[in-house]
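Report on the structure given below.
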Amino acid sequence: MSNRTIALAADHAGYPLKQSLANELRELGYEVLDLGTHSTDSVDYPDFGRALAEAVADGRAKAGIVACGTGIGISIAANRNPAIRAAVCHDETSVRLARLHNDANVLALGARLIGEEVAKACLKVFLETEFEGGRHHRRIAKLGETP
């Protein structure tokens, strides 16, 4: 895996935003692993959330970006994989905190809730912000525990 590979996946509602973010990633020098969908034809978001989660979990990508109408459904699908910490974010502050405190490895965006420029700003913060560590390591470890 290249540490410059970012996986992308979306359902039909998130497809246009996924395409825009793929272009942005390439302009920033990242490799893009595009896991679909490839049109605005109706599809089931769990299939794409699962595919992206597997790509991040098995190391084909350093991190992932998912998009659906709200970001919620596809993030739930991705979070079913215990290696994934997908965070639905709507602004730069929520993205920064998701990376700093939660070590989010998947950014989930709601294509019907935020505009393209906000999404691009969120993407940049996601890529540039490192996990803070410290007291947060203990909390992150608990996320992988089985109840």
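Computed quantities for the displayed model
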item: Odd one out for T70 among (1) surrounded by fewer than 18 Cβ atoms within 10 Å (Cβ to Cβ); (2) within 16 Å of A9 (Cα to Cα); result: (1)
item: Matching residues in region 111-143 - criterion: being touching a strand residue (DSSP E or B) at 6+ places or on another chain (Cβ under 7 Å) and either at pLDDT below 90 or outside any helix (DSSP H, G or I) (or both); result: A111
item: Tabulated pairs, region 96-122, first more than 18 Å from K142 (Cβ to Cβ), second surrounded by 23 or more Cβ atoms within 10 Å (Cβ to Cβ) and of a type in the set (F, W, Y), C-beta under 6 angstrom, 6+ apart or interchain; result: L107/F126
item: H90 vs. criteria over 20 Å from V32 (Cα atoms), in contact with a helix residue (DSSP H, G or I) (Cβ under 8 Å, 6 or more places away or on another chain) and assigned to a helix (DSSP H, G or I); result: no
item: Residues of region 93-121 classified as surrounded by fewer than 22 Cβ atoms within 10 Å (Cβ to Cβ), touching a helix residue (DSSP H, G or I) at 6+ places or on another chain (Cβ under 7 Å) and either under 18 Å from G14 (Cα atoms) or of a type in the set (A, V, I, L, M) (or both), total; result: 3
item: Filter pass, S42 being in contact with a His (Cβ under 6 Å, 6 or more places away or on another chain), modelled with pLDDT of 95 or more, of a type in the set (S, T, Y) and farther than 17 Å from N105 by Cβ; result: yes
item: Subset of region 73-86 (residues that are among the aliphatic types (A, V, I, L, M), within 19 Å of G14 (Cα to Cα) and crowded, with 21+ Cβ neighbours inside 10 Å); result: I74, A77, A78, A86
item: Test: residue in region 49-60 that is under 17 Å from L109 (Cα atoms) and not in a helix (DSSP H, G or I); result: no
item: Members of region 19-32 that are without any contact (Cβ under 8 Å) to a residue 60 or more places away in the chain and under 16 Å from A111 (Cβ atoms); result: Q19, A22, N23
item: Test: residue in region 19-35 that is in a strand (DSSP E or B), hydrophobic (A, V, I, L, M, F, W, C) and under 11 Å from the mean Cα position of the chain (by Cα); result: no
item: Test: residue in region 25-47 that is under 12 Å from A77 (Cα atoms) and crowded, with 17+ Cβ neighbours inside 10 Å; result: yes
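The values are calculated or read from the model by the stated rules, or taken from the named source; none is laboratory data. Computed from a prediction, not measured in an experiment: that's the story for all the values here. Quick reminder, even Gly has a Cβ in these numbers, built from the backbone with ideal geometry, and neighbours come from all protein chains shown.
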